[in-house]
1. So S155 passes all but one of these: (1) among the polar types (S, T, N, Q); (2) at pLDDT below 95; (3) part of a strand (DSSP E or B). Which condition number does it fail?
2. Can you tell me which of N59, N28 is in a loop (DSSP other than H, G, I, E, B), at pLDDT below 90, surrounded by 15 or more Cβ atoms within 10 Å (Cβ to Cβ) and not aliphatic (A, V, I, L, M)?
3. Can you report the number of residues in region 63-97 which are of a type in the set (S, T, Y), over 15 Å from the mean Cα position of the chain (by Cα) and either buried (at least 16 other Cβ atoms within 10 Å of the Cβ) or over 23 Å from N139 (Cα atoms) (or both)?
4. In region 126-142, which residues are in a loop (DSSP other than H, G, I, E, B) and surrounded by 15 or more Cβ atoms within 10 Å (Cβ to Cβ)?
5. Looking at (1) out of contact with any Gly (no Cβ under 7 Å at 6 or more places or on another chain); (2) in a strand (DSSP E or B), can you tell me which one N66 breaks?
6. Of all residues in region 78-122, count the ones that are touching a residue at least 60 places away in the same chain (Cβ under 8 Å), more than 25 Å from E144 (Cα to Cα) and aliphatic (A, V, I, L, M).
7. Just checking, how many residues over region 98-137 are under 13 Å from the mean Cα position of the chain (by Cα) and more than 16 Å from S48 (Cβ to Cβ)?
Amino acid sequence: MKRTLGIFLGLLLVIASLVGTATGARANTITLVLTQPFQYAVAGDTVSFDATVTADWANSGQVFLNSDNNGVDRPLTLDDSPFLDNFPLYLNPGDTAEATLFSVLVPSGTADGLYTGYFEIDGGADGNAVDSLASVDFNVLVEEGAPATAPEPSSLALLASAVTVLGCSRVRRKTGRA
């Protein structure tokens, strides 16, 4: 009786591990990462969110990126056409895609404050699947006079050289009058 029970339990463990392996091999997963999930804006701006989407190497086949689901605090509005236009229809295991994922319009007259939102990519093993594959949260801080973008280093270098030239010319004038 003990031997029969031991064989039965052993078979159950083997079957359970095979079922678990088969289920794991069919799983289609992606990783979604926003380049800058927190952005500044002023009323009237449109801010774009770039992302990297990577298909897991363990996927058994292509992962289709069929649609999206999203939301953002009012009165901001989200435009998902960059996702539909810029990203591939599917990713093979290990593939990566980088592009603008969506943009957010901050209407004129929007009150200062922190606005939050989310973006989800739906899809799966075929062109009709609508499983949730990955989701990210984002924030837009609306402030009057907020820096929409940081100045480029070359712009800062040009400004520094202009200030230096102006400073040197003032020193020459003062030394020339003395």
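The values are calculated or read from the model by the stated rules, or taken from the named source; none is laboratory data. Model, not experiment: these values are computed from the prediction. Virtual Cβ from ideal backbone geometry, glycine too; neighbours counted across all protein chains shown.
1. (3)
2. Working: N59 fails: at pLDDT below 90.
N28 is the lone residue from the list that is in a loop (DSSP other than H, G, I, E, B), at pLDDT below 90, surrounded by 15 or more Cβ atoms within 10 Å (Cβ to Cβ) and not aliphatic (A, V, I, L, M).
3. Step one: of region 63-97, the residues of a type in the set (S, T, Y) are 67, 77, 81, 90, 96.
Checking the rest, the ones that are also over 15 Å from the mean Cα position of the chain (by Cα) come to 67, 77, 90.
With either buried (at least 16 other Cβ atoms within 10 Å of the Cβ) or over 23 Å from N139 (Cα atoms) (or both) added as a condition, the list becomes 90.
Here the count works out to 1.
4. Kept after step one, since they are in a loop (DSSP other than H, G, I, E, B), are these residues of region 126-142: 126-130.
Across region 126-142, the qualifying residue is only A129.
5. Condition (1) is where N66 drops out.
6. 3
7. 6
Residue-wise test of (1) at pLDDT 60 or above; (2) within 27 Å of F87 (Cβ to Cβ); (3) basic (K, R).
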site: M1; (1), (2), (3): no, no, no
site: G10; (1), (2), (3): no, no, no
site: S17; (1), (2), (3): no, no, no
site: A43; (1), (2), (3): yes, no, no
site: F64; (1), (2), (3): yes, yes, no
